[in-house]
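Just below is one structure, and these are the notes that go with it.
The values are calculated or read from the model by the stated rules, or taken from the named source; none is laboratory data. In this text the structure is predicted, and so the values were computed from the model without any measurement. With ideal geometry, Cβ positions are generated from the backbone for all residues, glycine too; neighbour counts draw on all protein chains shown. Just so you know, the surface numbers come from the protein's heavy atoms only, side chains and all, with ligands and any DNA or RNA stripped out. Shrake-Rupley method; radii C 1.70, N 1.55, O 1.52, S 1.80 Å.
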Amino acid sequence: MHFESAVQLLCDAGVDFVVIGGVAATFHGSVRVTYDLDICYSRISSNLKRLVAALAPLHPRPRGFPEDLPFIWDEAMLRNSTILTLRTDLGELDLLAEVAGLGSYDDVKTHSLIVNAFCRQVSTLDLRSLIVAKLAAGREKDLSALPELESLLEAGEP
């Protein structure tokens, strides 16, 4: 995944989003490798329009689905989805309207902070909330990240 290009594209398009997952962990000092960008996005109509327009040139497609499967990239599809795992020209991108353990975009936004990343001001999940979300997700890869994240929290990361 070309994280820098993807984050810059979303920021420059004015998309309301919060970086979550592995990239958020790296913003807090994690050394774990991640291969996709996970974001939580606002479902308000104007934001859906910006998100659709920003990602359309990257040819988003559902990850793991047959190539001949019809897929319409539009606002209605985003509005009616909770989680989309996409393959794009920049790499894998996961779009979440809700985050396990935290709630909707508005809830996630209240648990975010602004970081300087990729020459942009980027909203990212705070470390304590990232731990809550990974615990709630309960997947092996999320649970295995917890010891490092908890040690970063103990070491005084915000």
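Some notes on this structure:
- In the chain, the DSSP beta bridges split such that about 75 percent are antiparallel, to the nearest 5.
- Rounded tilt (10° steps) of 140-154 against the dominant C-alpha axis of the chain: 50 degrees
- With only the Cα atoms considered, the chain has a convex hull volume of 106 Å³ per residue.
- On a per residue basis, the convex hull of the C-alpha atoms belonging to segment 10-83 measures out at 109 Å³.
- In the chain, helices alone account for a calculated mean residue ellipticity at 222 nm of -12000 deg cm²/dmol, with every DSSP H run of four or more residues adding -39,500 (n - 2.57).
- With every protein chain in place and a 1.4 angstrom probe, the accessible-area ranking of PHE17, PHE65, PHE118, largest first, reads PHE65, PHE118, PHE17.
- Taking a straight line from the alpha carbon of LYS49, these aspartates and glutamates sit under 20 Å away, with near neighbours fewer than eight places off in the same chain left out: ASP12, ASP16, ASP38, ASP74, GLU75, ASP89, ASP94, GLU98, ASP106.
- Label-to-label distance, VAL33 versus ASP106, with points set 7 angstrom from Cα along the beta-carbon direction: 4.1 nm.
- Longest segment of the chain lacking trypsin sites (Lys or Arg not before Pro) that sit in a DSSP loop with at most 12 other Cβ atoms within 10 Å: 33-138
- Of all accessible heavy-atom area on the chain, the percent that carbon and sulfur account for (1.4 Å): 55 percent
- Solvent-accessible area per residue, Å², over segment 34-158 with all protein chains present [probe radius 1.4 Å]: 52 Å²
- Using the alpha carbons alone, the radius of gyration of segment 94-134 stands to its Kirkwood radius in an Rg to Rh ratio of 0.98.
- Centre separation in Å (Cα based) which lies between segment 124-158 and segment 1-65: 19 Å
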